[in-house]
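FYI, it's all coordinate maths here, none of it is from the lab. Predicted model, so just to flag it, every value in this text is computed and none were measured. Cβ coordinates were reconstructed from backbone atoms using ideal geometry, including for glycine residues, and neighbour counts include every protein chain displayed.
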Amino acid sequence: MGVNDLKQELVDDAVAAIEAAGGKAFPVVRNVATREGIAQAVRQAAEHGSRFDILVNNAAWVRYQHVPDIMPETLDRMLDIGFKAVVWGMQAAAEAMDGERGGAIVNVASTAALKSAPGSVVYSGIKAGVLGITRAAAAELGARGIRVNAVALRPCPPKAPSATATPNATPGASRARPWAGLGTVDDVAGAIAFLASDEARFITAQALVVDGGITFTTL
């Protein structure tokens, strides 16, 4: 498994955690905000592992701004990392995946594409776009045996209920959802692993909402 991030220390920590759990991983440090950066990351992973079967597009840089406050530099960076990187990642992965064996791509989206809050115009738009290009890529790449799906996670804007226990999770937010307590990063990883696995071989063009039911229920 290749682990990519722009920061070497984060990559090293992730690789160490995977190996400590009994897995195998290797570091990749590339800037996926550029087409060439993500192409290099995919090539490096393919060369190191001798084959390339799965891509998880998970890079993000998020700023919540109300409409009058949106700045060009914020919009450009969020588009580069949150949307363009997904396109370039799918492009590079499709080229690297074996024509006979196919592969799986999982794009990390957000429930902000389905149910938005003030201050999330850019973020919601980008994540809605990710769902759109996930379905379009699934339609195009399916003939090559490449499945493309997405997981939609609950975002953590300021003061909003969280769904997953992270450093940004809002305290007490678990009372706002039907599922008692917060989810964990393992819950998210499990959903991604399922969509990337052979058990999901007949699932493509889907968006799996992983949020403890908070988006589609009202309590």
Seminar exercise, completed: GNM of the chain, Cα pairs under 10 angstrom: of PRO118, PRO68, PRO27, the biggest fluctuation goes to PRO68
Problem set entry | Table column - 3J(HN,Hα) (Hz), segment 122-129, Karplus curve with 6.51, -1.76, 1.60, x for Gly and Pro | 5, 4, 4, x, 5, 5, 5, x
Exercise. How high is the relative contact order of the chain, in percent, with contacts defined as C-alpha pairs under 8 Å that are six or more residues apart?
Worked result: 17 percent
For this session: Starting from the amide H of ASN107, placed 1.01 Å from N in the peptide plane, find each other amide H under 5 Å away whose residue is 5 or more places distant or on another chain.
Result: ASN57, ASN149, ALA150, VAL151
Exercise. What is the set of long-range amide H partners of ILE203 at a cut-off below 5 Å, with H atoms built 1.01 Å from backbone N?
Worked result: none
For this session: Under a 10 Å cutoff between Cα atoms, tell me which one of ALA196, ALA41, ALA143 has the largest fluctuation in the Gaussian network model of the chain.
Result: ALA143
Exercise. Taking only DSSP H segments of four or more residues, each worth -39500 (n - 2.57), what value at 222 nm results for the chain once the sum is divided by all its residues, to the nearest 500 deg cm²/dmol?
Worked result: -12000 deg cm²/dmol
Exercise. Build a GNM of the chain with springs between Cα atoms under 10 Å: which of ILE54, ILE203, ILE126 gets the top mean-square fluctuation?
Worked result: ILE203
Seminar exercise, completed: The long-range amide H neighbours of ILE146, using H built 1.01 Å from N in the peptide plane and a cut-off of under 5 Å, are GLY103
Problem set entry | Average silhouette area of the chain, convex hull of alpha-carbon atoms, in square nanometres | 12.5 nm²
For this session: Principal axes first, then extents: for the Cα atoms of segment 34-147, list largest minus smallest coordinate on each axis, whole Å, largest first.
Result: 49, 25, 16
Problem set entry | Sum of side-chain charges, ASN107 neighbourhood, beta-carbon under 12 Å (Lys, Arg +1; Asp, Glu -1) | +3
Exercise. So if we plug the beta-carbon distance of ARG35 and THR184 into 1/(1 + (r/R0)^6) with R0 = 45 Å, what FRET efficiency do we get, rounded to 0.05?
Worked result: 0.85
For this session: Go ahead and run the numbers for FRET between LYS7 and GLU95, Cβ-Cβ distance against an R0 of 22 Å, rounding to 0.05.
Result: 0.25
Exercise. Applying the Karplus parametrisation 6.51 cos²θ - 1.76 cosθ + 1.60 with θ = phi - 60° to the phi angles of segment 186-192, what ³J(HN,Hα) value in whole Hz is obtained for each residue in order, glycine and proline being reported as x?
Worked result: 5, 5, 5, 4, x, 5, 5
Problem set entry | Residue-wise HN-Hα coupling along segment 101-116, computed from phi with Karplus coefficients 6.51, -1.76, 1.60 (Hz; x: Gly, Pro) | 7, x, x, 9, 10, 10, 9, 8, 10, 7, 5, 5, 6, 10, 8, 9
Seminar exercise, completed: One computes Rg over Rh for segment 1-78 from alpha-carbon atoms, with the Kirkwood Rh, and obtains 1.09
